[in-house]
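One structure is given below, encoded as structure tokens.
Nothing in this text is a laboratory measurement; each read-out follows from the coordinates by a stated rule. Everything numeric in this text was worked out from a predicted model, so none of it was measured. Methodologically, a virtual Cβ is constructed for each residue, glycine included, from the backbone with ideal geometry; neighbour enumeration extends over all protein chains shown.
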Amino acid sequence: MRLSFIAPRKKHLFSIFTKVWIVFIISIVILLNIFNLFIVYKNSDYKQTAIKIKNQRIQLEKDIENIDEKIGFILRQKAVAEEIYANNIILKDSIKNLFDLVPDQITLNKVIMEKNSLVIYGVTPTKDAYNFLLSAPLKSIFHTSQTIFYLTDKGWYNFVSTNKIINPEGGE
Amino acid sequence: MDKSMEKIDIIKLLLYLLIFIVATLFMILIVIVPNIKDYRASKIVYKKAYVHKMRVENVLVDRDNELRNLNIENRRALTSFMHKFSTDNFIKYSGQFFNEVSLVEVEKKEYKKEFVEYELRVSSSLKSPTNFYDFLEGLNRYENIIQADFPIRMESNASTISSAFTIKVYDINATK
């Protein structure tokens, strides 16, 4: 038996208006979540990259330390080499100057050069020749200069001249 | 038929609007804003780290260039230090200036921590002191780093001058 003239309408749990709002709100929440995830991803990416860069920087600093050590070692080698080369030239000049000091009248038989002393053995025709021509320049170079003469059979003089430089430290 | 879209319920509309605003504000203020702050802080840290690294990288490039230039400028001294001293080669070299060269090793000691100093006594005879000057000049072009040193003894004989002097050979200390 029918009690109504119209067919019953289908009842929905949510009206279209409600559904539209639910969809709209969920869409916005999803969009905000996607944006949030993007921010979280970029954040973590920056953090990881910063750590990677920091490690690379530490490695670079170690490389700089190694290079600095190498540079220091090269500079020390350079300094030692230059000092040695300069010493060789100074030594050559010293010996050359010594032989240039000796006049033709005087003959040297033996020379012993130490760091701070010079001993010369030689022959001179007269004491005066020695004193004027060799002793004077030697005295201007060395702090002390002592000479011993021995008369030879030919009437010339053998001499031994000991010259010393006194170091400020007190040694000779 | 559903007429909810035609006859809008103001109360419902306000309620949904309120829910929308609350949900959006919650998402923005509680979730997104702290993350954005964190993101900005991370970006600043990243930029600082990047700038620092770039500066260090530039310093490294400068140092590297300096090292390369020093290596080129001092190649001769560096290779001389690396070269192993050979008595045969030295006697051969000395033979150009002296006769009857002999070498005796006196002592070996550390020099300025990174170097080793070998002291040798050279005995020889030469015709004129000029040979000795040439020898000393040539020493600065020799394959090793060598210093001629005191005591120097020269004695004239019948036709030659006998000489005895010290040389110091410098090597890299391999233990350092």
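Semi-axes of the equivalent ellipsoid for the range A:97-148, please: Cα gyration tensor eigenvalues, times 5, square-rooted, ordered largest first, whole Å. Mind showing how you got there, number by number?
On the way: eigenvalues 56, 31, 21 Å².
For the range A:97-148, the semi-axes come out at 17, 12, 10 Å.
Under a Gaussian network description of chain A, with springs only between Cα atoms under 10 Å, the residue in A:I58, A:I28, A:I90 that fluctuates furthest is A:I28. Diagonalising the gyration tensor over the Cα atoms of the range A:13-101 and scaling each eigenvalue by 5 before taking the square root yields semi-axes of 84, 8, 4 Å, largest first. Computed over every Cα-Cα pair of the range B:47-136 and binned at 10 Å starting from 0, the pair-distance distribution P(r) comes out as 13, 25, 24, 15, 10, 7, 4, 0 percent. For chain B, the equivalent ellipsoid built from the Cα gyration tensor has semi-axes of 91, 14, 11 Å, listed from largest to smallest.
Springs join every pair of Cα atoms under 10 Å in this Gaussian network model of chain B, and among B:L126, B:L136, B:L29 the largest mean-square fluctuation is at B:L29.
Please arrange A:D45, A:D128 by counting, for each residue, the other beta carbons lying within 10 Å of its beta carbon, fewest first. Each step should come with its number before you reach the end.
Values: A:D45 13, A:D128 10.
Arranged by neighbour count, lowest to highest, A:D45, A:D128 become A:D128, A:D45.
Pairs exceeding a 31 Å alpha-carbon distance, out of A:K164/B:K92; A:K10/B:K12; A:K127/B:K127; A:K96/B:K92; A:K92/B:K92; A:K54/B:K113: A:K164/B:K92; A:K54/B:K113. For chain A, take the longest principal axis of its alpha carbons; what is the angle in degrees between that and the long axis of helix A:16-101, to the nearest 10 within 0 to 90? The two axes meet at around 0 degrees.
In the protein assembly as shown, the inverse of the mean reciprocal separation of distinct Cα atoms equals 29.3 Å; this is its Kirkwood hydrodynamic radius.
Among A:L60, B:L139, which comes first, second and so on when ranked by fewest other beta-carbon atoms within 10 Å? Show your work: numbers first, answer last.
Numbers: A:L60 19, B:L139 24.
The order, fewest Cβ neighbours first, is A:L60, B:L139.
Pairs of Cα atoms nearer than 8 Å and 6+ residues apart set the relative contact order; for chain A it is 14 percent. Residue exposure proxy: B:I145, A:I6, B:I172, A:I148, ordered by other Cβ atoms within 10 angstrom of their Cβ from fewest to most, comes out as A:I6, A:I148, B:I172, B:I145.
For the options B:T87, B:T166, B:T24, a Gaussian network treatment of chain B with springs between C-alpha atoms closer than 10 Å singles out B:T24 as fluctuating the most. Reported to the nearest whole Å, the Cα centre-to-centre distance from the range A:109-172 to the range B:29-78 is 68.
Between the listed residues A:F38, A:F73, A:S15, the Cα displaced farthest toward the positive end of the dipole of chain A, a dipole computed from Cβ unit charges relative to the Cα centre, is found at A:S15. Here the contact order of chain B, divided by its residue count and restricted to Cα pairs under 8 Å and six or more residues apart, works out to 18 percent.
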